[in-house]
Every structure is written in C-alpha cells, then in structure tokens.
Amino acid sequence: MNFNSKVIWITGASSGIGKALVASLAKQKCQLIISSRRLTDLEIVKNAQPNPENIACVPFDLADYNNMLPIVESAIGSFGTIDILINNGGISQRSLIIETDIAVDKKLMEVDYLGTVALTKALLPYFVHQKSGQFVTVTSLMGKFASPYRSGYCGAKHALHGFFDALRLEHEKDGISVTLICPGFVNTDIARHALIGNGEQQNTQDTATEKGLPADVFTERMLKAVYKNKFEVYIGKKEVLGVFLKRFFPKFLHWYTLRSAVR
C-alpha cells in the first residue's frame, strides 16, 4: 500500500475512522488535507503526527452544502493538487421512526448525503481536468440493508450508493474511479454522537459498536481496498453476511435482524 507522493483529502478526520486514517497515512510519504467542523480538533490530530508539515487543515461543515466551491479551492491550494478524496464525514442515528422528528431525517440527508454529494460535485471538474482522481466514500452496511433505529441513516447511505455508482459509470472514461467502503461495527464514538428522535446526541455507546473492529484494524483493510481500487467492499465481523443474506435470503435476514437488533 504505497500512497507516496499522493495528496489525500479526508473528511471527518478529527475522530473515529477519519482520525485512524490520518494516523496510518501520515506514516507514508504523502500529503494530507484533513477536514471536520472544528479547526482546534483538526490541529490536535495534525500535531500528533510525525510530520505535521505534510498535513493541511481545511475546516468546514458538510451541512453547508451550498458553499463547497471555496472549500475545494482552499483544499487544492494547500498542496497544489488532490489525488484522492475520502468522503468519511457524517453522523448516525438511534431512534424509532415513529419517535423521530422529520428535522432529524433532514439533518441526516443534509450531512450524510447532500454534503458528501456537493463536495464531490465541486471537486469533480478538477478531477476531469487532470484526467485522474479517486473518490472513496465511506457508506455503511446500512447502505446495503436496514436495521431498526437507523431509518434516516439507512436512507442517506442507500442514496450514496446510487449516486456514486452513477458517477463511476459516467466518469470512468475520464480516468476517475470510485471505491465504496461499507463498514460494519467499528469501535468509534459514532454511536455516542448519533442523533436520537428529538435531534439531540445519544451520548452513550452501543454494545455492538464497542465490540466492533478496532479503528486501526478497519483502516488497514480499508486502505488495502483503496490501493487496489476496489469498486465496493464490506468490512466488519459477522454482520457483513447481511449483504449476502439480503440478496439471497431476505426473509431470513428480516427475521434475524428483528431478533438481534441493538440500539
């Protein structure tokens, strides 16, 4: 996995999978652009790496999806180019449909779908012009099948698959590739930051999330898929079987999910 001389932009870089990606890639001779909402959090991540001079911080909010062009211009200006965009930023949800305000669904779509799509579309002409570029989008196994308490999150992640599959078809001729990364349970703070029905954060950890793959183990597998330019990969423990059960035994997956659903 040699990413030497590459310029890689990572969103959601201040915690979880994004932070683990920074730690792993910072060991190589590549340059990183890291983004999340708060500059102070990004600077902590940057200064913890062995060569912070090879890392640029570009803070922004994915929910501000109407203003992505200046963000992209700032990112490109950091090192003069971008080779890979890792769309990792996003939020999750833990609430029943009947208890979830529509404002929560709107927020999930704005951040997880529209923000990611808007950033991608703002960078796309640059990739077309340079005749190369790789979009890596961290979706979820919830983008392939559903689970209780995650309706809005599932909807946004399913939508990402439709958009990026179409982008791949339209722009392969321009030297642009798309890799969809579908995590199962990864031991991060995603559950603590997840929105509940009234829009507040859950602030507690899920048992399944806590027992998930360590973030560094997940990141190693993810970067192998990125390096190999895979179309789509599923990374987790036994939960990845849900993708195949959905395809071949959907009624069994329905039965199993109902009995094993966790908040």
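Before moving on, here are some points about what is shown:
- Criterion (hydroxyl-bearing (Ser, Thr, Tyr) and open to solvent by less than 40 Å² (accessible area, probe 1.4 Å)) met by exactly one of Thr40, Thr116: Thr116
- Residues within the stretch 183-199 that are under 20 Å from Asp105 (Cα atoms) and of a type in the set (S, T, N, Q), tallied: 1
- Tallying residues that are farther than 21 Å from Gln202 by Cα and hydrophobic (A, V, I, L, M, F, W, C) within the stretch 120-158 yields 9.
- Among the residues making up the stretch 197-231, none is of a type in the set (S, T, N, Q), open to solvent by 90 Å² or more (accessible area, probe 1.4 Å) and within 14 Å of Ile86 (Cβ to Cβ).
- Search result, residues across the stretch 135-162 that are more than 14 Å from the chain's Cα centre (by Cα) and not small (Gly, Ala, Ser): Lys144, Phe145, Pro148, Tyr149, Arg150
- When residues in the stretch 129-147 are screened for being in contact (Cβ under 8 Å) with a residue 40 or more places away in the chain, open to solvent by less than 40 Å² (accessible area, probe 1.4 Å) and not hydroxyl-bearing (Ser, Thr, Tyr), 7 of them pass.
- Filter pass, Gln49 being in contact with a Lys or Arg (Cβ under 9 Å, 6 or more places away or on another chain) and over 13 Å from Ala156 (Cβ atoms): yes
- Hits in the stretch 232-244 (condition: open to solvent by 30 Å² or more (accessible area, probe 1.4 Å) and out of contact with any Cys (no Cβ under 9 Å at 6 or more places or on another chain)): Lys237, Lys238, Glu239, Leu241, Phe244
- Any chance Lys6 is under 16 Å from the mean Cα position of the chain (by Cα), in contact (Cβ under 8 Å) with a residue 60 or more places away in the chain and open to solvent by 40 Å² or more (accessible area, probe 1.4 Å): no
- The listed residues are Lys27, Lys19, Lys46, Lys6, and the only one of them that is among the charged types (D, E, K, R) and in contact with an Asp or Glu (Cβ under 8 Å, 6 or more places away or on another chain) turns out to be Lys6.
- When residues in the stretch 148-158 are screened for being touching a Gly at 6+ places or on another chain (Cβ under 9 Å) and buried (at least 20 other Cβ atoms within 10 Å of the Cβ), 4 of them pass.
- Any hit, the stretch 245-258, residues being open to solvent by less than 20 Å² (accessible area, probe 1.4 Å), over 15 Å from Phe145 (Cα atoms) and of a type outside the set (Ser, Thr, Tyr): no
- Flag for Lys106 being open to solvent by 60 Å² or more (accessible area, probe 1.4 Å), among the basic types (Lys, Arg) and on the phi < 0 side of the Ramachandran plot: yes
- Of the residues making up the stretch 59-83, those that are among the aliphatic types (A, V, I, L, M) and either surrounded by fewer than 21 Cβ atoms within 10 Å (Cβ to Cβ) or over 22 Å from Lys27 (Cα atoms) (or both) are Leu62, Ala63, Met68, Leu69, Ile71, Val72, Ile76.
The values are calculated or read from the model by the stated rules, or taken from the named source; none is laboratory data. What you see is a predicted model; the values in this text were computed from it and never measured. Please note: Cβ atoms are built from the backbone with ideal geometry, for glycine as well, and neighbour counts cover all protein chains shown. Just the protein is used for accessible areas: all its heavy atoms, side chains included, with ligands, DNA and RNA removed. Shrake-Rupley method; radii C 1.70, N 1.55, O 1.52, S 1.80 Å.
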